[in-house]
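One structure is given here, and the rest of the page talks about it.
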Amino acid sequence: MKKYLLPENGNFYKSNLHCHSTFSDGKWTPEEIKEKYMRRGYSIIAYTDHRTLHSHQYLTDDRFLALDGFEIDVSESEDKNGRGYKKTCHFCLIAKKQGTPHHDFGDEDTYTPENISRIMKEARKLGFFVTYNHPNWSLEDFSDYINYDGMDAVEIVNYGCVAVGYQDYVPMVYDEMLRYGKRIYCIGTDDNHNRYDEDSVYCDSFGGFTVIKADELKYESITAALENGAFYTSQGPEIKSLWYEDGKIHIETSPVKKIDFVFGSRRAETRIAEKDCYITEAECTVPEDSIFVRISAKDENGLPADTNAYFVDELNK
């Protein structure tokens, strides 16, 4: 039986799920962000200014949806281990329902995995979609993020960090989390602050995005799609269809040069276009001993589109 991993029906909506405006340390107003992103084909912006939720529902119309949210940071108070730097943990909370108020979680300055997990879990109970952000910029490593419980997704790419030189396209971080038992999604974001003009090569907008498939551009339709994993992440290519049938996973894409299948073990497979050619679809048998399967499709510039991970035990139910 064919199991669609992206819904068979519905519309694709391009989104930026991590954004800073003049309500915190961004340089563009919420209105400017809407106008500039819509010109680039975006339909959804999650406004996630620092530490306080500001609703921008007045910007929502038939062609654009503002999601309400905010970003929390929990940081070391001092460099306790003599590393020469302090670690920090950042995560965004996106309200799954309109009208969800800001919440003060208390003790947002105690940098321990127990406290960070407490805030994440409490946020989920209050109706927020929780995304763990830019681990490299945060100077966190496996010993830190593997102990965080309560996130819905990790940023597989944070373009704002990539744009200034950080290695925050992190598929290996996502794979580590999956192999160690976290069943979470991956998203792409800009985390834009817009200190440069939108046409500058240093602009931190329009580089990492999440494409959500839903029946309509309505608040709770979109957040339900987020909650159900009905989306993919990209820095360029499009994923047009994705399904699982008779032990094989199938993908259809815009023209790309390479499609990689990752299984959470030493096994992996790839499909590569011949010279001067492109590929737009591929299929692969999922090995029985796989933990999960996820797919990365790369264009001629090496820019990827990434699916969420799908766990084999759930695929075969």
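The values are calculated or read from the model by the stated rules, or taken from the named source; none is laboratory data. Note that this is a predicted model, so its numbers are computed, not measured. Here Cβ is always computed from backbone atoms with ideal geometry, including for glycine, and neighbour counts include all displayed protein chains. Accessible surface areas use protein heavy atoms only, side chains included; no ligands, DNA or RNA. Shrake-Rupley method; radii C 1.70, N 1.55, O 1.52, S 1.80 Å.
If you average the sequence gap of Cα pairs under 8 Å that are 6 or more apart and divide by the length of the range 69-228, what percent do you get for the contact order?
Values: 275 pairs, mean separation 29.9, N = 160.
Relative contact order of the range 69-228: 19 percent.
Whose amide H sits under 5 Å from the amide H of His18, counting only residues 5 or more places off or on another chain, with H placed in the peptide plane?
Ala46, Asp190, Asp191
Would you please put 242-255, 50-63 in order of how densely packed they are, using the mean number of other Cβ atoms within 10 angstrom per residue and starting with the highest?
The peptides rank, most packed first, as 242-255, 50-63.
Would you please classify the overall shape of the range 1-73 from the alpha carbon gyration tensor, given that a ≥ b ≥ c denote the square roots of the eigenvalues, rounded means a/c under 1.5, and beyond that prolate means a/b larger than b/c while oblate covers the rest?
Values: a/c = 2.64, a/b = 1.74, b/c = 1.52.
The shape class here is prolate.
Give a residue-ordered list of calculated ³J(HN,Hα) values for the range 293-303 (Karplus: 6.51 cos²θ - 1.76 cosθ + 1.60, θ = phi - 60°; whole Hz; x for Gly, Pro).
In residue order, the calculated couplings are 9, 9, 10, 10, 10, 10, 8, 5, 9, x, 7 Hz.
Convert each backbone phi in the range 140-149 into a coupling constant with the Karplus relation 6.51 cos²θ - 1.76 cosθ + 1.60 (shift: θ = phi - 60°), then list the ³J(HN,Hα) values in order as whole Hz, x for Gly and Pro.
9, 9, 3, 5, 8, 5, 5, 9, 8, 10
At a 10 angstrom cut-off on C-beta neighbours, averaged per residue, how do the peptides 283-296, 99-112 rank from highest to lowest? Let's see the in-between values first.
Numbers: 283-296: 17.9, 99-112: 13.1.
Put in order of decreasing packing, that is 283-296, 99-112.
Per residue, how much accessible surface does the chain expose to a 1.4 Å probe? Answer in Å², no decimals.
45
One quarter of the convex hull surface, Cα atoms only: what value does that give for the range 162-317 in nm²? Don't jump to the answer; show the numbers that get you there.
Values: hull surface 44.2 nm².
For the Cα atoms of the range 162-317, the hull's average projected area reads 11.1 nm².
Can you pull the percent of the chain's accessible area that's carbon plus sulfur, 1.4 Å probe, other chains left in place?
On the way: 6520 of 14160 Å².
With neighbouring chains kept in place, the figure for the chain is 46 percent.
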